[in-house]
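These notes concern the structure reproduced below.
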Amino acid sequence: MTQKPSAILQGTLDLMVLKTLEQLGRLHGYGIARRIEQVGQQDLVVNQGTVYLCLVRLVQKGWISAEWGRSENNRRAKFYSLTAAGRRQLRAETEHWERVSGVIERLLQPVAGS
Amino acid sequence: MTMFLRVAVARIRGFLRPDGPARELDEELAAHLEMAIDDKIRQGLSPEEARRRARVELGNLELLREEGRAAWGLPWIGSSWLDVRLGFRMLRKSWGLSLVAGLALTVVIGLAAVAFDVLGAVGGTELPLAEGDRVVALVAWDAQAGEGVPTSWRDFERWRETLRSIEDVGAFRTVERNLRSGGHGAPGAPAEVVPVAEITASAFALARVSAALGRPLLPEDEAPAAEPVLVLGHEAWQRRFGGDPGVLGREVRLDGVVHTVVGVMPEGFGFPVSHRYWIALRDAPTGAAAGVAGTAAGADLVAFARLGPGVTMATAEAELRRVGLLPTAGSDEGRPRPAELRVVPYVTAFTGTVPGWAAGVILLLVTLLLIPPCVNVAALVYARTVNRQGELAARYVLGASRFNIVAQLFVELLVLAAGAAAVALVASRVVAWQILEDLRRRGDAVPFWMDFGLSARTVLVVAGLAVVAATIAGVVPALQATGRGMQAGLRTLSGRFQPRLGRVWTSLVVLQVAFSFALLPTAVEMTWGTLRSGLLGPGFPAGEYLTARLEAGAGGTAEAVGAGGDDAGTPVATRWGELARALAAEPEVAALTLLADVPGDEPWARVEIDEDRSHRPASAGEITVGTGRLARVNHVDPTFFDAFELPVLTGRPFEAGDFAGGGTAVIVNRSFVREVLGGGDPLGRRFRYPARDHGPAAAGAGAERWYEIVGVAADLRRHAGVQTVYHPAPPQALAAVSLALRARSDPAAAAAALREVAWALDPALRLSRVESLDAIYRQKAAGDYLGASGLVAATLSVLLLSAAGLYALLSFTVDRQRREIGIRLALGARPARLLASVFVRSLGQVGAGALGGVLIALLIGLWLPVQAMGGWEVPGVLPVASAFMVAIALLALAGPARRGLRVQPIDELREG
């Protein structure tokens, strides 16, 4: 039986987008969506459209900036880059995520002797 | 916080140019699709398949656009706007409900607006002068008596010389003067009594306002030997001198003393209160005895100053207390008076301090007042909401939450309440304008700091009340109606549910009916009492009678003494004989009399009839002294009844002995016999003024004394006779005197003659408020109309609410029984009889309300002093008002009855 892919956790899409922009630098929406899909492989299902709503949110918060440019195959596209505030936010979110996932991991480990 | 602001700004920008972000998102999504399709074609898919998969992976485009718009803009504004539009539509659709509810809310919110307007005008302490908040009054406060002690000249002078924390220390007092243009012997306009500010020159420095023409008062004008000068206000200059630019240097006489006009102040300047004439306050302003407060006339100075730079009110007060008051001359051991010296904001010296909680209390009261109409409106809204359950259920099925539905109903009511609030604000402006007009007509100038303009606070309060009203009248019934669960609504959709008007709402409607029954008779009596004299007219040639206030010169200002004016405190009586003789010789004067108060506008007093001396046999349980009725009381001289052509119908007129003092004879009018004595022979009957009511002011020691009726005179105002008692009063007994004269042909000529004669006799003899009785009655009627229109609006709103409530209740009752009616019709029952049985049930509820209402109305009639409040007893008002309410009930039945008769048995059975 094949395992069903997990739905994305609430709030984690922001972190994914910020991290993608940190790793790959200036990128358009399609590139960000593809990158998240590639990393998630078959384990994660992301509705590509929701990435755009996430981008709107992050722009409003000032964590990323947007400008129009040309894609590699010369199509007009909107490119996003991480701002200084976004970088700080990414650091904070990463630390928070690591703490939470550490707790979950410890919780899920079998108790010694059981 | 910055994050919140950043997002808010971004959203507002998106909201203001909604096309920009939407277009950009569309472009972005299009680019995304093209890139995805290119990739998939490169991976070997056919173009169609590549396009299909790319679309699937991107998701629902429409939904994305919708969510994008929501993310960029202010989505709740869009949905609220929809609710607002729905609200307007519902207002139009249920116009009856809108009208009734709107009127009720307008009345209450309007009341609140007026209350806050007045509070803002009277309670405001802001002084519209440069750095007005630093202008203070120096007050000596007698805590025991709870009143201010007038400042004496000596104290003021000491303060002016000693105090260092304040500057521009000054003082003023208001005096009345006979003003006549034209100097020595020069002809001019007739004399008129004007309030004049005797004031120190420092006032003009303190106000930091320079003269529009010429100069203000200067310190040298205060020297006793200086030429008397006068500064005019802009309004006085316009009115009295026709705005003559050459007015400077003109001579005018104040109580006979020639003053030279040296300046005109700019428009609106009224410092210290509402003054239009200023003369210098001289040393020892009212003669020799002015040194001691409270012992000499004219010691009633008000001291003011400006706080020095950086000085607080507390510092200035501490210094003032250190300097203190001079000992009172003549008092034991020369101890200082027990007065506390205070430095207070200037305005509070005149208006007193309006406590901070006053606004809160008013707000609480009007909010409480808002509850009854709102609950009534809520009952109507509930009835309508229950009727609309089908529509609401449909919205619920289509995805609206309970919150959305309640919000929609709230916004619907908010639209209505906002409309009512707007009308209320306009109405409050009209009332404020009317009050100002009224004050102007009566010659009472409004203090220059009082601002009757629309304040932001009033607007806020009105807006808040509209929200409260919408919450009570919209949200409460909406929660109730939706709280029954949408299941009921869904059943409505299927036609199987008959909504019910709950017991609470039914009781409310019944209570409403009771309230209307109870209120109507009193409201009718009050309205009729207020309007009848204006509508019916006085019934005698009031236009031929002139009345005027007569006062002897307040005695001896320095100028008046210097000019040979009369000595202090000349009783009017000593001048009256001469004046009467001189006026009798005037061809224009037909009759002349002296009296304490203007006829038809005398003060009210409670009278207790001596039932022991009643000519009626007292029954066993009857109390000896009656509960007391109200009557107007006047004090008149021997010529009064002749001057007003009031024949003494029974008994005798006043005789010389009655005026000797200590007499107990009184004459009453016919209305007194009818209203107070209840008919019968009035002669010899006695009454008194209960001590607790202090009796009529001029009765003085006469309180608790028994007065005997010796005669009955005709009513002065034929159509609006009010029970009146006339006491005999020689001129010297009257503290305040009005004179009335009857003109032979031209009242204006008689007025001029009156002024001339008075001036010639003594320039200090002041005649004020020279008006025809007709004008006085008309002014009073104008004010009454305003009050009456408020009363009529309130009564009408209660009546309409009541009628609408009845209508809703009865139509529900009939609608609920449609099926039953259908079945019984099918079984052969007669429609008329069926309807009658339905109505009997409904009218039972109405009847319960009516009965309760009539009982309350009777109690109100017994306990409320309707007449003292300006009401007029209307015989049979209770049955007529009851019949009127029953007529409204029947009218409310007409609609449902028509629908009931149209019930088709087959349709009803099929629906069932």
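See the values below:
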read-out	value
Principal axis dimensions, largest first and in whole angstrom, of region B:390-434 by Cα	54, 16, 8
Carbon plus sulfur fraction of accessible area for region B:219-262, probe 1.4 Å, in percent	54
Members of region B:1-30 that become less accessible by 40 Å² or more once partner protein chains are added (1.4 angstrom probe, chain alone as reference)	B:Met3, B:Arg6, B:Glu24, B:Glu27, B:Glu28
Delta accessible area of at least 10 Å² on complex formation, residues of region A:40-64, 1.4 Å probe, chain isolated as reference	A:Asn47, A:Gln48, A:Gly49, A:Tyr52, A:Leu53, A:Val56, A:Val59, A:Gln60, A:Lys61, A:Gly62, A:Trp63
Point-to-point label distance, B:Leu649-B:Phe15, nm (Cα→Cβ direction, 7 Å offset)	7.3
Aspartates and glutamates whose Cα lies under 14 Å from that of A:Lys19, excluding same-chain neighbours fewer than 8 positions away	A:Glu37, A:Glu93, A:Glu95, A:Glu98
Cα coordinate range in region B:356-430, projected on the principal axes (Å, largest first)	50, 26, 20
Accessible area that becomes buried as A packs against B, both chains, 1.4 Å probe, Å², nearest 100	2300
Surface share of carbon and sulfur [accessible, 1.4 angstrom probe, percent] for region B:14-76	54
Those aspartates and glutamates that a straight Cα-Cα span of less than 15 Å connects to A:Lys78, excepting residues fewer than 8 apart in one chain	A:Glu67, B:Glu24, B:Asp26, B:Glu27, B:Glu28, B:Glu34
Accessible area of chain A belonging to carbon and sulfur atoms, whole % at 1.4 Å probe	52
Per residue value of the accessible surface for region B:107-174 (all protein chains in place, 1.4 Å probe), Å²	42
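The values are calculated or read from the model by the stated rules, or taken from the named source; none is laboratory data. Keep in mind it's a predicted model, so treat the numbers as computed, not measured. Neighbour counts are summed over all protein chains in view; Cβ atoms, including those assigned to glycine, are modelled from backbone coordinates with ideal geometry. Ligands, DNA and RNA are excluded from the accessible area calculation, which covers all protein heavy atoms including side chains. Shrake-Rupley method; radii C 1.70, N 1.55, O 1.52, S 1.80 Å.
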